[in-house]
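Reading through the structure tokens given below for one structure.
The values are calculated or read from the model by the stated rules, or taken from the named source; none is laboratory data. Just so it is clear, the model here is predicted, and its values are computed rather than measured. Please note: Cβ atoms are built from the backbone with ideal geometry, for glycine as well, and neighbour counts cover all protein chains shown.
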Protein chains: 2
Amino acid sequence: MRGYEVKEKRTTKIDIAQKLNLSIATVDRVFNNRGSVSPRTRELVLEAARELNYIPNKNAKYLSKKVRCNIGISYLLPEWFGSQVERGIQQAYEEFRDFGMQLIISKDALDEKEQIRKIREMLPEIDALAVAPWEPGTEFSDFINSLIDSGIPVVTFNNDMPLSRRLMYVGSDYVVAGRCAGQLMDAFLEHRGEAGIVIRSEHLTNMGQRVAGFRNYLSENSGIRAQGPFKVHGNMESVAEQVKEILVRYPQMRGIFVASDNLVRVADALKALGEEEKVSLVGYDLNEEHAELLREGRVRSVICQEPYRQGYEPVKVLFDYLMEGRLPVQNEIITKMEIVMRENLEGYYKEMKGDV
Amino acid sequence: MRGYEVKEKRTTKIDIAQKLNLSIATVDRVFNNRGSVSPRTRELVLEAARELNYIPNKNAKYLSKKVRCNIGISYLLPEWFGSQVERGIQQAYEEFRDFGMQLIISKDALDEKEQIRKIREMLPEIDALAVAPWEPGTEFSDFINSLIDSGIPVVTFNNDMPLSRRLMYVGSDYVVAGRCAGQLMDAFLEHRGEAGIVIRSEHLTNMGQRVAGFRNYLSENSGIRAQGPFKVHGNMESVAEQVKEILVRYPQMRGIFVASDNLVRVADALKALGEEEKVSLVGYDLNEEHAELLREGRVRSVICQEPYRQGYEPVKVLFDYLMEGRLPVQNEIITKMEIVMRENLEGYYKEMKGDV
DNA sequence: CTGAAAGCGCTTACAG
DNA sequence: CTGAAAGCGCTTACAG
């Protein structure tokens, strides 16, 4: 690739075989550790390979290989997020299908129980599993370990399962995601005043981590007092009512951090209350509605976490593991925190829509 | 890929040929428009392909194809930026080399004249060119057009050549990059006061666009008065002197937008002047020094523009064009504006270092 | 421990 | 307009 020295034909196993007066099968053996080769021959082959700068041809390899690899994928995510993850999966599929990869996708489970049942169903068909668990609980952790024990490597994404022996996790660090929101809020509120934290009714580990990160950042770096977390849920009217109560109780409040997926309703509530100008909103993720809120200046910033890559990487990692026996270098890929504001929205919006 | 319908072997050209009692050569002809095929046969083949859901196998295709494709790449960029671009190039190379792609890279030119000369040198060897021009001038534009006329498709990256008939541009929109910096500055300075703009001595189109974007954003959205642009250059002492003059002249100044690549020196100047706390810095791009400045809180934010992708995409686009005859859907890929602050630095830092 | 041969799914002359 | 055959660089039984 370097400089101008080009044009020479690539070295093949055949070249090495000819040079050493060996059969190509023997050469293949030393590279793939199948069958046995005398130490002397082995040495010669490796040396010749080094000398001729041999790089195996993946095309030929996978074309001739008989083994296929079937990867199961299971997740339950809101549609607008899931569809972005899916584009990453699709990309990986197109990249690897000619190499013998097949995908079995299950995404329509309603709860953890059903997710487990669906994964069990696909078990006879798959050699590996990529899964976005609902919550990092013990039961699901045990389930994952049982899969691993039965020889199915597992990669988690979007939501980790740290107690399990998963091969890898691909997704956000939710504490950092919270700190990030804290830093933005700090800038928007000019280091002072009060900021409220909004969560949803059920407890979710993710959300708890976001809240903790947010609070920590502010207490370490800012004069802003964080209030809450407030559980805000229900329909439009009920959200408006709850937001109103919060603002009445904390008249100094000039920012709201929405750690849940309720950003749109909170924004609408502020509008209904005529408090839009006064209160800065920070939340997560991009969809059609969030984009509109950013454009209108009704949300100051939203933090995204590479949804596309959360689909692509697990498939890639599992493929490499199954087909090449390659262990991932680290045991997690933490996605970047993408700070999206009005002026840099359009690039992320395009990506979200899939017209890159 | 969808659902559970898996396991069936992929349809091949052989399957289609057998089903229709044709030779595989004929089937191949209809897919690749080589040689002539009777309209009737053509119809039958296409119908069968649709019915059997035929997808050609890229592996087999490129393994048997005789044509190679040699892509020339020419850029002159600061090392720390260039090395990130290069990782994208490397990635594309690894993805496509088995498909018959070779790269000829030239990156050591000192000026435009030399860059043109070096490209001329590699001309006999290449089928396409990806180039990051120094400045979007007319002369270089004519040069690019002459290449295109002689049958060499050209993709520009990092720096566009809008007057030329290049196939595509991959890189930043510098006006938007300026607006983005304006929005950040507006938040950091709480919508008021003065912000200075720092550029370097020579006029560069890029930098002019950044400055214009910055000013426009502020005048449309903020109470901040933009001052400058000030030409700041030379060694450490001279930069410190110039920065000092600016601050003396504009005592209200609480932010500096560095549109040039002088961020480190300006930051050091502020430190030497004891004005670090008072003045918020915003600049571009990530390298080891910028990362350190962000960690220390001496720079508030830096805007990056997907350097990795600026290397990857041009190679991919040219490969698809040469080997598949595929025209790009749009004629530009505008990279995203990545807002990097202290709390979300580490993800970008890792990417910059290449240990993803 | 080593080799000869078939085959993966396609393209490419060559022949008709 | 169509077909038979060799070949791309590897893997995979099978044989020795």
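Below are the figures for this structure:
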quantity: Residue count for segment A:68-91, restricted to those that are within 11 Å of another protein chain (Cβ to nearest Cβ), buried (at least 19 other Cβ atoms within 10 Å of the Cβ) and not in a strand (DSSP E or B); calculated: 2
quantity: So A:E338, is it farther than 22 Å from A:W80 by Cβ, among the acidic types (D, E) and within 14 Å of chain B (Cβ to nearest Cβ); calculated: no
quantity: A:A195 vs. criteria touching a residue at least 60 places away in the same chain (Cβ under 8 Å), surrounded by 14 or more Cβ atoms within 10 Å (Cβ to Cβ) and either of a type in the set (K, R) or assigned to a helix (DSSP H, G or I) (or both); calculated: no
quantity: Checklist (1) free of Cβ contacts under 8 Å to residues at least 24 places away in the same chain; (2) out of contact with any helix residue (DSSP H, G or I) (no Cβ under 9 Å at 6 or more places or on another chain); (3) more than 14 Å from every other protein chain (Cβ to nearest Cβ) applied to A:V30, failing item; calculated: (2)
quantity: Residues of segment B:248-274 satisfying the condition of being surrounded by 22 or more Cβ atoms within 10 Å (Cβ to Cβ) and in a helix (DSSP H, G or I); calculated: B:L263, B:R265, B:V266, B:A267, B:A269, B:L270
quantity: Those residues of segment A:16-53 which are more than 14 Å from DNA strand C (Cβ to nearest atom) and either at positive phi or assigned by TED's automatic domain parsing to the domain that holds A:E324 (or both), in sequence order; calculated: A:N53
quantity: Every residue from segment B:64-80 that is within 12 Å of DNA strand C (Cβ to nearest atom) and without any contact (Cβ under 8 Å) to a residue 12 or more places away in the chain; calculated: B:S64, B:K66
quantity: Selected residue (only one of A:E277, A:E245 is part of a loop (DSSP other than H, G, I, E, B), of a type outside the set (F, W, Y) and surrounded by fewer than 23 Cβ atoms within 10 Å (Cβ to Cβ)); calculated: A:E277
quantity: Residue within segment A:114-122 that is assigned by TED's automatic domain parsing to the domain that holds A:F157, over 29 Å from B:K316 (Cβ atoms), not in a helix (DSSP H, G or I) and not hydroxyl-bearing (S, T, Y) present; calculated: no
quantity: A:V30 of a type outside the set (F, W, Y), more than 26 Å from B:R87 (Cα to Cα) and buried (at least 17 other Cβ atoms within 10 Å of the Cβ); calculated: yes
quantity: Single condition B:I24 does not satisfy, out of (1) within 11 Å of DNA strand D (Cβ to nearest atom); (2) at pLDDT below 90; calculated: (2)
quantity: Which listed residue is among the charged types (D, E, K, R) and under 30 Å from A:R342 (Cβ atoms), from B:R254, B:R265, B:R249; calculated: B:R254
